[in-house]
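**Q** One structure follows; several queries about it will come next.
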Amino acid sequence: MNQQSRDQVLALAGVFQAAALAEQLAHRGYADEVPFAVSVRSLFITDAINTESVYGGAEGVEMGLKIMRQRLSAGGQTTDFELARYVLSLTQLGVKLDRSNDMAETIANEIDRLKPTVEAHNGEGMSNQLYSELARIYKDTISYMKPKIIVQGEHGHLSNPVVVDKVRAILFAGVRSAFLWNQLGGRRWALIFQRRQTLAQVEAILSAIAE
């Protein structure tokens, strides 16, 4: 596996992970804490030495890698159309953000403004206020682009402002991963025509994590 292909798989795993976490929040009102924290923290890793370090190591997107393995092993067939819709929309938004220099710059400036707060806690103990700030940035920027992501779930959860903020924060992280994936040369058609190669890469990374 060459480094570029590995990096593409890691970034795409970040997209799948964010999509799954958004789905969890919408239906359960909470998400798996560790992958959620990793995905949100990735928004603030803007000077990473490599793709893996964006997620604190490949294990940071282990959840996303396992979901990818499941989907790719099924030959592209899935009954979880909600997750598939989120992933597709996130990848489309990542491409559009990559083409919008002004919006990307605005987002970068906003993230830089929040960085001291995150760094003061060493990335730990993120507060609801931070999720609220990330949700606001998402609303002020990405939410104006198409396709708009309509999150479906339990009304009781989606009427909770804290849950809604977390959903927007994790979708924001998903767009960040999709943006990275696009910059690394990732293309949606490759998931169709290079499914076996991608699955082999996913399996290799997961095997290395398990060692």
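No lab work stands behind these numbers, since they all come straight from the coordinates. Worth saying up front: this structure is predicted, and the values here are computed from it rather than measured. Positions of Cβ are backbone-derived with ideal geometry, glycine not excepted, and every protein chain shown enters the neighbour counts.
**Q** Loop-only check: which trypsin sites (Lys or Arg not before Pro) in the stretch 1-104 are DSSP coil with at most 11 other Cβ within 10 angstrom?
**A** ARG99
**Q** Sequence neighbours fewer than 8 away in the same chain don't count; with that in mind, list the lysines whose C-alpha is under 21 Å from LYS115.
**A** Within the straight-line limit of under 21 Å, LYS115 reaches these lysines: LYS139, LYS166.
**Q** Now for a different question. Specify which residue in the list ASN160, ALA178, ALA108 is farthest towards the positive end of the charge dipole of the chain, using unit charges on the beta carbon of Lys, Arg (+1) and Asp, Glu (-1), about the Cα centre.
**A** Ranked along the dipole, the leading option is ALA178.
**Q** For the chain, what is one quarter of the convex hull surface built on the Cα atoms, given in nm²?
**A** With every direction weighted equally, the projected area is 11.1 nm².
**Q** How high is the relative contact order of the chain, in percent, with contacts defined as C-alpha pairs under 8 Å that are six or more residues apart?
**A** Result for the chain is 40 percent.
**Q** Here's a follow-up. Add -39500 (n - 2.57) for each DSSP H run of 4 or more in the chain, then divide by its residues: what number comes out at 222 nm, to the nearest 500 deg cm²/dmol?
**A** So the calculated ellipticity at 222 nm is -23000 deg cm²/dmol.
**Q** Out of the stretch 121-203, which GluC sites (Glu not before Pro) are coil in DSSP terms and have no more than 14 other C-beta atoms within 10 Å?
**A** GLU124, GLU154
**Q** Using Cα springs under 10 Å in a Gaussian network model of the chain, which residue among ILE170, ILE107, ILE150 shows the largest mean-square fluctuation?
**A** Judging by the Gaussian network model, the answer is ILE150.
**Q** Here is a follow-up. What ranking of GLU119, GLU82 emerges when the number of other C-beta atoms within 10 Å of each C-beta is taken as an exposure proxy, fewest first?
**A** GLU119, GLU82
**Q** Still on this structure: About the Cα centre, and with charges only on the beta carbon of Lys, Arg (+1) and Asp, Glu (-1), how big is the dipole of the chain? Nearest 20 debye, please.
**A** Dipole size: approximately 800 debye.
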